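All of the numbers you see were taken from the coordinates with simple rules; none came from a lab. Since the structure is predicted, the reported quantities are computational estimates derived from the model, not experimental observations. Reconstructed Cβ throughout: ideal geometry from the backbone, glycine too, with neighbour counts over all protein chains shown.
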Amino acid sequence: MLSIMNKVIDRSELKDLITQLKKEGKKIVFTNGCFDIIHVGHVRYLSEAKQLGDILVIGLNSDSSVSRIKPGRPINSEGERAEVLAALYMVDYVALFDEDTPYELVKEIQPDILVKGADWDIKNIVGADIVKEVRTIPFVEGVSTTGIIKKIQGKQ
């Protein structure tokens, strides 16, 4: 098993690594997100995603990417978010991306399966035009980072 920080990998290294893993016959599963405050919904989602293949790769929005798409966020820095994700048993690799979407990262690594939450319509999932298979995973009702933040602020 890889140590936590060895799971956080530079994009350039990730491409070569994925190429090698595919040559070894490994099925690569990719998902992405901000993963700002990890909660049970994230854990269940990532656990289900891992079951779809051999290697689970997380594309993690950088701090600047998160701040562009979610005003007032992130709560936790990209380094902290990457380390927490890497500590999860089901996560094999974490790679940061600075763009608003992971399209270029998906194009670079060409995963076998692209996974998103069930709130996404498959035809609108970024990278769906690149991969062989796209899957959605249901959410845990009533659990979200936004909800947790509101609860902490006493707004819920």
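Scan around residue 134 for amide H atoms under 5 Å from its own, H built in the peptide plane at 1.01 Å from N, and keep only partners 5 or more places away or cross-chain.
Counting only residues 5 or more places away or on other chains, the set is 114.
Lys/Arg Cβ at +1, Asp/Glu Cβ at -1, dipole of segment 53-122 taken about the Cα centre: which of 117, 71, 88 is farthest positive-ward?
In segment 53-122, that residue is 71.
Can you compute the FRET efficiency between residue 40 and residue 6 using 1/(1 + (r/R0)^6), with r the Cβ-Cβ distance and R0 = 25 Å? Round to the nearest 0.05. Could you put the intermediate results ahead of the total?
Working: r = 26 Å, r/R0 = 1.05.
The pair residue 40/residue 6 has a calculated efficiency of 0.45.
Given +1 on the Cβ of Lys and Arg, -1 on the Cβ of Asp and Glu, and no further charges, what dipole in debye does the chain carry about its Cα centre, rounded to the nearest 20?
400 debye
Cross-link partners among lysines for residue 7, C-alpha distance below 20 Å, same-chain residues fewer than 8 apart left out?
15, 22, 23, 26, 27, 50
Be a star and scan segment 107-130 for residues whose amide nitrogen sits under 18 Å from the point 7 Å along the Cα-to-Cβ vector of residue 48.
113-126, by backbone N distance to the label point.
In terms of Cα to Cα distance under 28 Å, which lysines are near enough to residue 151, apart from those fewer than 8 places away along the same chain?
Leaving aside lysines fewer than 8 places away in the same chain, those within reach of residue 151 are 70, 116.
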